[in-house]
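Nothing in this text is a laboratory measurement; each read-out follows from the coordinates by a stated rule. Keep in mind that this is a model prediction, so the values were computed, not measured. Neighbour counts run over all protein chains shown; Cβ positions are idealised from the backbone, glycine included.
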Amino acid sequence: MGSGNGELLNLTLKVWRQKNSKAKGSFETHQLKGISTDMSFLEMFDVLNEKLISENKEAIAFDHDCREGICGMCSMYINGRPHGPKHAVTTCQLHMRSFKNGDTIIVEPWRSIAFPVIKDLAVDRGAFDRIIASGGYVSVNTGNAQDANNILIPKTAADESFSAAACIACGACVAACKNGSAMLFVSAKVSQLALLPQGQVERKERVLKMVQQMDEEGFGNCTNTGACEAECPKEISLENIARLNREMIGASLT
Amino acid sequence: MASSPKLNSKIPEGTIDQKWSKYRSTVHLVNPANKRSLEVLVVGSGLAGASAAASLAEMGYKVKVFCFQDSPRRAHSIAAQGGINAAKNYQNDGDSTYRLFYDTIKGGDYRAREANVHRLAEVSSSIIDQCVAQGVPLAREYGGLLSNRSFGGTQVQRTFYAAGQTGQQLLLGAYSALQRQVGMGAVELCARHEMLDVVTINGVARGIIARNLITGEMEKHFGHAVLLCTGGYGNVFYLSTNAMGSNVTAAWKAHKKGAFFGNPCYTQIHPTCIPVSGDHQSKLTLMSESLRNDGRIWVPLKKDDTRKPTDIPENERDYYLERRYPAFGNLVPRDVASRAAKERCDAGYGVGSSKKAVYLDFAANTERYGKTEVAKQNIHNPSKEQIMALGKEVVKEKYGNLFDMYQQITGENPYEVPMRIYPAVHYTMGGLWVDYNLMTTIPGLYALGEANFSDHGANRLGASALMQGLADGYFVIPYTLGVYLSDEVSRMSAEKGKADSIETLKTNHPEFEKALAEQTALITKFLTIKGTKSVESFHKRLGLIMWDKCGMARNKQGLTEAIAEIQALREEFWRDVRVLGEANEFNPDLEKAGRVADFIELGELMCKDALHREESCGGHFREEYQTEEGEAKRDDVNFAYVAAWEFKGISNWELNKEELVYENIKIAQRSYK
C-alpha cells in the first residue's frame, strides 16, 4: 500500500533523554531495523518504545495526540528542524518515506527558555495559553449574539482571517527562531481578529496586552529572519508579523 | 413496555415545540451572589467542556477545567473536519427546526429521545450566531454571507464550515472564550491533569480525584457539580480516528460509581477513512464526509481488477451507492455507506493491495467545477487540461487540507488518482445515560457532548457532533444546571456552620480520603505487577477482538466468544502487564495503563449490549437481523428502548430500560432509496 513499496529501513536514532526539568539531559543512541517507509515518524517511535519496554527500559516520553496534524501537540526537533525535513508538515504527518536506509536521525525537544522541558522530548507550552488569556479573544458572552448573517464579511477577509486562524500553537516558530521569539504565533491570533469586524472594538487593547504577555513569558525579540515562516507546519505567513507591528504602532500612538 | 423506575428522563410536559421554551422560562434560577459560592468542575476541554466552562464562568460560577493534554485547545474536537449543522435555512431550500429534528431522529434509526433532539434542533441556530460573534472565520460567499454545504442523511444544505477544519475553528472559538475567563480569574485551568475517579458522598457527586500528569501528584478537587465532557470511547477498538489519548476513563469510573451506561454498543463506523497500511498502524485518519459532496464512490465491476483506476472506463465501474440508493446517492448516512463498502469488499470487489478499500473519485466534479470556472472567466474553447486545472483550484479551496493530509499519509496525489478509502471507527453514540437536564444517574454528575448517549440514537448524522457538543455547553447546561444547584443553595444554607458538614469539610471529607487512597493504590498496583507484556500490546489485542466481533457486523456466536476472550485478556492484563517508570513523574505509559484497563472492562459491556440487542439498528448491525436487501432490520416491538446498564461488579451488570416514545414522528423503516 502507499508508495513505500514495502521498503524497509535500518536507522540510527540519537534521542534526547532528560529525566525532568531540573535534571541534565543527554543523547541516547538506538538502532532500529526493518522500519517500513509507510510508517509515520511517531509510529517509528512507537516501535522504538515497544523495543525499549521489552528490554525493561523506560519508554521515551514525547507529546502527541491527534496524529492528524491538527492538535499541535507533537513537537520534535528532527535533524535540526522543527517537525523534521518536510515543508508544511507536522511530526505526526511526517512519514518514513522521507528518510533513507542507513540514515542517522537526531531528535531533540523544542529548545526555548519559555518552553521548559518536562521530560525527554515533552515541553511545557503553557505560555501560549497565557498569551491567549491576556487578550486573544472577542469579549462576547454566550447568548448575546445577533444573527450570524447580519455581519457581512467579504470573502477575502474571511479567507485571510482563516489562514491566520489555522495556527495550531505547536511552537515550531519559537523552536525555529534563533531568538526564541513567539511573534508568528501572537501575530496569527492578532491578525485573525484584526481582519474581522467582530475584532475591531478591542483591536488596540488586544495587541498591547498580548505583546506584553509574550514579553513577560520570556520569549525573545523578532529580528525578521523568517525561520518561523519557513518551518511553520501550517504555513502561517510572515505578513502576519508585519501586520502585528502595524497594529502595535497604531495602538501605541493613540 | 414501561421504563425502569430507576430511570426518570424528566422530559418536560407540553408539545414538542414548547417543551424547551417553557422549561427555560420556568426553571429555578440561582441568584448571582449564590453563584459565586458554587463550584463547578468541568472535565474535558473540547467543544462541550470549553463552551460549558466559559458560559458557566460568565454567569458567575466558580469553575475549574481539567484536561489531560498540555492545553485545552488540543482536545480532539479540534480534528473535526467537515462542518456543523444548524437549521438556519439560509439557503432557502426548505430547512426548518422540525426538519433538522426529523432528519436526526430518522438518521439515528429511531433510537434517540425526541425531546432532547428537538431541543438540539431549536438551539442549533444560536450556535452559529455565537461562534460568528466570537470571530470564528466560517466560510463565506462573495456577497459576504455564510456558505453552506450538504452532509449525509439530509437533502438540504445546512452545514456551516471552515474548509476542512471546522472543528478546529469552533474549538478555538470556545477555547478563546474559556481563556478569557481564565484571564479574568473566573476559571482555574488544570492542564495535564487526568481525572481518575468521581467522589460521591451519600450517592451524590461532590468532586473528583485527579492526577497531575507532570508531577504524578494525586489531587482532591471539590465541586458542587461535576461535568464530564470527556468525549467518546472509540479507542476501545485500538484503531480509530480518535486521538491517541482519547479515553473512557472518566466516564467509566463514574459508571463504576453508579452512573448508568447507555447503549454502549452503538458505535459509528465512518465510511471514508484512509485504509490500514500495516501492523505498525497506530491510528486511522478520517477523510471528511463533506468529500462525498464532490466525490463519487465506486469499485470496479470486475472482481480483482488490477488496472489503475484511471484506466478503468466509466461503463466498467460500479457506483454502488448511486445504484442502490438513487434518492440520496453518495450522501446516504454513514452506517449505510460503511456497510455498503464492506459488502462490496467482502464480495471481492475491493481495491488496493489489501482489497479492503473502495475508490472516492473527484474527477467528474473537478471537471464540472472547471467548466463553471471557464464560463465565469470568459475563456472560449478551453482545453481539457485547462478545465481540469481550474476545477482543481476549486476543489483545493474546498478540501485542500484533506487532500494534503491524504497525500502525506499515502504518498499518492488525490488530485490525479482517486482516493482509496475504507470504513473506520469514528464516534460512539452510546455513553453515560443522562436525563433531559444532562444529569447522569448520580445526582450532581452531568455528561455533555459525545460522553453522553442522548441525541444521536443508533447512528449520528455528519456535522451533528459539533452541533451537539456546543449545544450542550453553550445553551443547555447553563439552564439545566441551575435546577440542581438552586437546591444545593438550600442545602448549603441549612448546613452552614456545622463542623461535619460537606461544606465545611469539602476535600477533607473521609470519602475524598478513601477515593484518593483507592486511586493511589491502583497506580501502585500497575507499577508492581512487573509482567512481561506492554500496555500497548494489550490494547492492540483488545482492539482486534472488538473489531472482528463487535465491529461493523456482529452475530451471537462472535459476541459470545468475544466476551470470553475479553475476560481472559483482563485476567492476563492484571497478571502480566509491564509498566515501567515511577508514579511521581511524567509517565505516559502509566497513564495509558489506566486507560487500557478501563477499555477492557468497557469492551466486555459493549459486547454484552450488542448481544442482548437482538435487532439491527443504525451502527449496530446484527447479521441475524437484516432484510432481504441486506438493510438493518429493527424490532420496534421489543427493542424501542435505551439500554441503560448498571454496574454491579466486574462482569456483572443489570439492564434498565428507558422506553422511547415517539409522539411526533411516525416510526418507520428507514429508506434512502
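Quick rundown of the values:
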quantity	calculated
Debye-sum result for region B:1-93 in log10 I(q)/I(0), which assumes one identical scatterer on each alpha carbon, at q = 0.11, 0.25 Å⁻¹	-0.59, -1.12
Added length on full extension, which subtracts the Cα-Cα distance from 0.36 nm per residue, residue B:92 to residue B:544	158.1 nm
Nearby lysines by direct alpha-carbon distance to residue A:209 (threshold 16 angstrom, same-chain neighbours under 8 apart not counted)	A:189
Mean separation of Cα contacts under 8 Å (6+ apart) over length of chain A, as relative contact order %	19
Set of aspartates and glutamates with alpha-carbon distance to residue B:6 below 17 Å, sequence-local pairs under 8 removed	B:435, B:646, B:654, B:658, B:659
Those GluC sites (Glu not before Pro) in region B:596-673 that DSSP places in a loop and that have at most 16 other beta carbons within 10 Å	B:614, B:623, B:624, B:628, B:629, B:663
Cβ charges +1 (Lys, Arg) and -1 (Asp, Glu), total dipole of the protein assembly as shown, debye	600
Rounded to 5, percent antiparallel among DSSP beta bridges of the protein assembly as shown	70
Difference of contour (0.36 nm per residue) and Cα-Cα distance, residue B:308 to residue B:486	57.5 nm
Region A:8-118 shape via C-alpha gyration tensor axes, a/c threshold 1.5	oblate
Nearest-20 debye value, region B:181-283 charge dipole, Cβ charges on Lys, Arg, Asp, Glu	200
At q = 0.15, 0.20, 0.21 Å⁻¹, base-10 log of I(q)/I(0) for region B:446-579 (Debye sum, equal scatterers on each alpha carbon)	-1.05, -1.08, -1.12
Charge dipole of region B:270-425 about the Cα centre (unit charges at C-beta), most positive-ward option of B:315, B:370, B:341	B:341
Relative contact order of chain B, pairs being alpha-carbon contacts under 8 Å that are 6 or more residues apart, as %	20
Per-residue [θ]222 nm for chain B (sum of -39500 (n - 2.57) over DSSP H runs n ≥ 4, rounded to 500)	-12000 deg cm²/dmol
Förster-model FRET efficiency, 56 Å R0, residue A:208 and residue A:7, C-beta, rounded to 0.05	0.55
Whichever lysines have a C-alpha closer than 18 Å to that of residue B:19, once near sequence neighbours (fewer than 8 apart) are set aside	B:10
Size descriptor, Kirkwood hydrodynamic radius, that averages inverse alpha-carbon separations across region A:125-253, Å	15.0
Charge-dipole axis of chain B as Lys and Arg at +1 and Asp and Glu at -1 on Cβ define it, positive-most pick from B:593, B:405, B:162	B:162
Tensor-based shape of region B:83-182 (alpha-carbon gyration tensor, a/c under 1.5 rounded, otherwise prolate or oblate)	oblate
More than 17 Å apart - percent of Cα-Cα pairs taken over region B:265-350	54
Nearest-ten-degree value, helix B:588-612 long axis tilted from longest Cα axis of chain B	70
Percent antiparallel among DSSP beta bridges (both partners in chain A, rounded to 5)	75
Global size of region B:270-425 as Cα Rg and Dmax, reported in angstrom	15.8, 52
FRET E, pair residue A:178, residue B:347, Förster distance 51 Å, beta-carbon r, rounded to 0.05	0.30
Gyration tensor verdict on the protein assembly as shown (Cα atoms; rounded if a/c is under 1.5, prolate if a/b is larger than b/c, oblate otherwise)	rounded
Count of Lys pairs (Cα-Cα under 23 Å; at least 8 positions apart or interchain) in region B:270-425	27
Estimated D of chain B in µm² per second, where Rh is the Kirkwood radius over Cα pairs and Stokes-Einstein applies at 25 °C, 0.890 mPa s	96
Exceeding the 19 Å Cα-Cα cut-off - candidates B:608/B:657; B:257/B:592; A:86/A:234; A:57/A:119	B:257/B:592
Global size of region B:508-640 as Cα Rg and Dmax, reported in angstrom	19.0, 62
